[in-house]
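Structure, as structure tokens:
Every number in this text was worked out from the coordinates using simple rules, so none of it is lab data. None of these values were measured; they are calculated from a predicted model. Every residue, glycine among them, receives a Cβ derived from its backbone with ideal geometry; neighbour counts consider all protein chains shown.
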Ligand code: DON
């Protein structure tokens, strides 16, 4: 598998030429569009990596999976799903218009920005820092890496430019879907700025693949929640490309605008991918192609 991975990374690296960096968060525009890395961790304890695997990048929307798990652990399904739905949107991740059109103020799912803001507002803790520390603790537990921290440059960059998220948070406040706008935005910008590498993502994917048990055998997420979030990853994890990704890769996955993709093949492996050039839907263009190729070669589709 190691040689095959190295060959695939070099083949798909070129696809990065067709994508574009996320320049709406200025700090993300500093990444090299042709970077591409992958790491795999299997249930048998084997680890493979190729390409720019050691580079660190921020979780961005991948953090939505983590906060959803925490909010569900804090409040249970009835409370969480009274404020956010379970249906894919077919819209871009930062769309606002449906918030006004359907069941006003209730975002369609927790993987779009509006839904993730509602979810972040539900994370328990007395201060933003306490709440962030809980998010960080879960990421560290899933990745089995106590050194994971936030990238403050990316955090400040998004905090200074995240006007659409601010608009959405105020809109949600008007409908009573979030309580405190400022602390919700602070937590959201910070959770998006948690820095990881492909190896961390692969281990987080393994934890979901093993129904909440991390690589050293500790149950860090309840089994049922690991199943639930993998279902969201299939239906909404790649935004309005989720259908196509399900057909051609068939792997539960969650992307972020930094170019990371967290992927989890139930009972088999976790996969972490990083390639910062994005397609028009905000997913890593080379990373998605690499995962589709890998799935074909190793028959990884869950369907
Ligand atoms: O809220 C934002 O715009 C970013 N912090 C995260 C968005 C994101 O990662 C969308 N993913 N493809």
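For the chain, the longest principal axis of the C-alpha atoms and the axis of helix 128-143 are separated by about 20°. Given the C-alpha centroids of region 153-226 and region 285-303, what is the distance between them in whole angstrom? Comparing the Cα centres of region 153-226 and region 285-303, I get a distance of 25 Å. Using R0 = 35 Å, the C-beta based FRET efficiency linking residue 126 and residue 216 works out to 0.70. Normalised by 2.2 N^0.38 Å, where N is the number of residues, the alpha-carbon radius of gyration of the chain equals 0.91. Between the beta carbons of residue 296 and residue 235, assuming R0 = 30 Å, the FRET efficiency works out to 0.90 to the nearest 0.05. Residue exposure proxy: 139, 196, ordered by other Cβ atoms within 10 angstrom of their Cβ from fewest to most, comes out as 139, 196.
The angle separating the long axis of helix 152-161 from the principal Cα axis of greatest extent in the chain is about 50 degrees. Give me 174, 6 ranked fewest to most by other Cβ atoms within 10 Å of their Cβ, as a rough exposure proxy. Lowest count first: 174, 6.
With both residues required to sit in the chain, DSSP beta bridges show an antiparallel share near 100%. Between residue 303 and residue 152, the modelled label-to-label distance comes to 4.6 nm, taking each label 7 Å out from Cα in the direction of the beta carbon. Test of understanding: extend the Cα→C-beta vector of residue 100 to 7 Å, then name every residue of region 158-178 with backbone N under 17 Å from that spot. Correct set: 164-176. Based solely on its DSSP helices, what 222 nm [θ] is calculated for the chain when runs of n ≥ 4 H residues each add -39,500 (n - 2.57) and the sum is averaged over all residues, nearest 500 deg cm²/dmol? Helix-only estimate at 222 nm: -14500 deg cm²/dmol. Between the Cα long axis of helix 223-236 and the first principal axis of the chain there is an angle of about 90°, rounded to the nearest 10. Label positions at residue 179 and residue 20, each projected 7 Å from the Cα along the C-beta direction, are separated by 4.0 nm. Between residue 3 and residue 79, the modelled label-to-label distance comes to 5.5 nm, taking each label 7 Å out from Cα in the direction of the beta carbon.
Fewest neighbouring Cβ atoms within 10 Å first, the residues 28, 206 line up as 28, 206.
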